[in-house]
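Notes follow the structure.
The values are calculated or read from the model by the stated rules, or taken from the named source; none is laboratory data. Just so we're clear, the structure is a prediction, and the values are computed from it rather than from any experiment. Here the Cβ is made from the backbone with ideal geometry for all residues, glycine too, and neighbour counts use every protein chain on show. Keep in mind that these areas ignore ligands, DNA and RNA; they rest on the heavy atoms of the full protein, side chains included. Shrake-Rupley method; radii C 1.70, N 1.55, O 1.52, S 1.80 Å.
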Protein chains: 2
Amino acid sequence: MENAPSLRNVKSQNAVLEALHQVNHATASEILDWLKVTQKNMKVSLTSVYRALNHLVATSQVKPLNFNDGQVRYELNTHAMHHHHMICTKCNLIQVLDLCPFDDIADKVKDTFSIQYHNFELFGLCGNCK
Amino acid sequence: MENAPSLRNVKSQNAVLEALHQVNHATASEILDWLKVTQKNMKVSLTSVYRALNHLVATSQVKPLNFNDGQVRYELNTHAMHHHHMICTKCNLIQVLDLCPFDDIADKVKDTFSIQYHNFELFGLCGNCK
DNA sequence: TCGAAAATGAAAATCATTTTCATTTTTCTC
DNA sequence: GAGAAAAATGAAAATGATTTTCATTTTCGA
């Protein structure tokens with residue numbers, strides 16, 4: 001009989017995925033905070049969160065985001081959750097942008113590049129700051 | 001008579017702009033290396049490069065790029081130089097992408113967001129790695 | 001149940017970037 | 001021009017996010 005697929009390391013990865021379902025564009029330490037509050041019986045360290053995130057990124061389940069504020073944020077890399085962001089460079093407001101410019105382009109590069117994820121961010125001044 | 005516009009701080013900023021004309025998506029320390037080689041009479045420190053970059057970003061002359069490798073890269077934020085990137089997540093090859101998905105979207109958000117710059121990157125496997 | 005392989009957390013290390021601070025350079029005023 | 005105030009500079013220290021190390025614990029197949 002085939003062995004069941006290994007469940008190794010999957011517990012912390014699942015916990016991180018669960019956090020990312022709840023907390024949008026979360027940093028590693030925001031994920032840890034969320035886990036501490038909601039999974040009180042589970043003991044997790046920041047190190048494990050980083051390790052889980054790195055694995056999830058390597059397997060294209062999660063994508064990293066950079067809002068140019070010195071920390072990496074993470075999002076689920078699923079079609080259903082797909083969206084982009086507008087980041088205010090003055091007050092750091094993050095707004096979700098449901099438009100995606102990508103579909104057009106995917107076609108055009110698909111012969112030479114196998115896309116795992118893409119990022120698209122607008123930086124500028126939000127309505128209050130401009 | 002009006003005072004001439006201040007030239008303060010402009011020397012290092014100009015040197016950095018010159019470097020960015022020559023070196024595409026350069027990191028701060030790559031810029032410093034370039035300045036050391038090409039501007040032998042000019043003494044510049046990494047600190048000054050960072051300061052100049054921060055000012056150039058704040059004034060929208062330069063935009064920061066994140067290729068998810070732990071360092072920030074910089075590019076001129078000019079229409080003429082405008083392009084995007086495809087980053088291979090395995091071998092780190094960076095390819096220039098001349099397609100831009102942006103023009104469409106700019107129109108749609110222009111009433112609520114004053115855009116300073118935008119980033120668009122594809123992450124995946126290049127032709128050799130896939 | 002045993003043992004190998006992998007996962008874990010705490011602490012230390014790393015490394016890009018920022019801050020501090022004393023010094024030098026620039027610019028404005030007289 | 002000379003002198004003073006403001007800003008720029010570099011070196012070194014500080015910061016802070018992320019990774020690595022390493023000793024211990026957990027998992028899972030045999």
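Numerical summary
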{"read-out": "Heavy atoms of residue A:81: accessible area, 1.4 Å probe, square angstrom to 10", "value": "70"}
{"read-out": "Label geometry 7 Å along the beta-carbon vector: residue B:80 inter-copy distances in nm", "value": "4.9"}
{"read-out": "Förster radius 30 Å - calculated FRET efficiency between residue A:59 and residue A:98, Cβ distance, rounded to 0.05", "value": "0.70"}
{"read-out": "Extension reserve of the residue A:76-residue A:39 stretch, reckoned as 0.36 nm per residue once the Cα distance is removed", "value": "11.4 nm"}
{"read-out": "Heavy atoms of residue B:74: accessible area, 1.4 Å probe, square angstrom to 10", "value": "20"}
